[in-house]
Amino acid sequence: MLKLTRDDILKLGKLSKIEITEDEIADVESKINTVLAMIEDIQHLDLSDVEPMFHPNPEPFIYRDEALEFKQDTAALLNNAPESENNQVKVPTVLKEEII
């Protein structure tokens with residue numbers, strides 16, 4: 001059975017750039033080893049009669065039409081803006097210099 005050690009946990013933490021404190025090492029080691037034991041149990045099952053699945057949901061994918069629907073009143077939206085001009089929200093200038 002594959003079992004990770006304290007050093008393995010520290011190396012995983014370093015590789016994944018996750019800081020694991022001394023207090024967390026035992027807990028993380030226990031949880032990862034539990035998952036590895038479950039995977040090993042699954043590997044011993046005879047799944048030769050099980051058909052592969054592409055998706056756990058037996059229903060086909062249902063896609064909606066991608067149609068743009070604008071249901072808001074432009075005037076009502078512009079009333080919420082501090083300033084508006086030509087049916088657009090007016091915002092302060094961000095770039096003061098011309099970029100070439």
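The values are calculated or read from the model by the stated rules, or taken from the named source; none is laboratory data. Note that this is a predicted model, so its numbers are computed, not measured. Note that we place each Cβ from the backbone using ideal geometry, even for glycine, and neighbour counts take in every protein chain shown.
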Report, ordered by the first and then the second residue, all pairs with beta carbons closer than 9 Å, sequence separation of six or more or different chains, a first member in segment 54-79 that is under 29 Å from V91 (Cβ atoms), and a second member that is hydrophobic (A, V, I, L, M, F, W, C). L77/V89; L78/V89
Among the residues of segment 11-34, which ones are surrounded by 15 or more Cβ atoms within 10 Å (Cβ to Cβ) and out of contact with any Lys or Arg (no Cβ under 7 Å at 6 or more places or on another chain)? L12, G13, I20, V28, I32
Tell me, yes or no, whether segment 1-8 has at least one residue that is among the β-branched types (V, I, T), under 26 Å from the mean Cα position of the chain (by Cα), modelled with pLDDT under 95 and surrounded by 10 or more Cβ atoms within 10 Å (Cβ to Cβ). no
By my count, helices (runs of 4 or more DSSP H) wholly in the chain with at least 1 residues that are of a type in the set (S, T, Y) are 22-43, 74-79
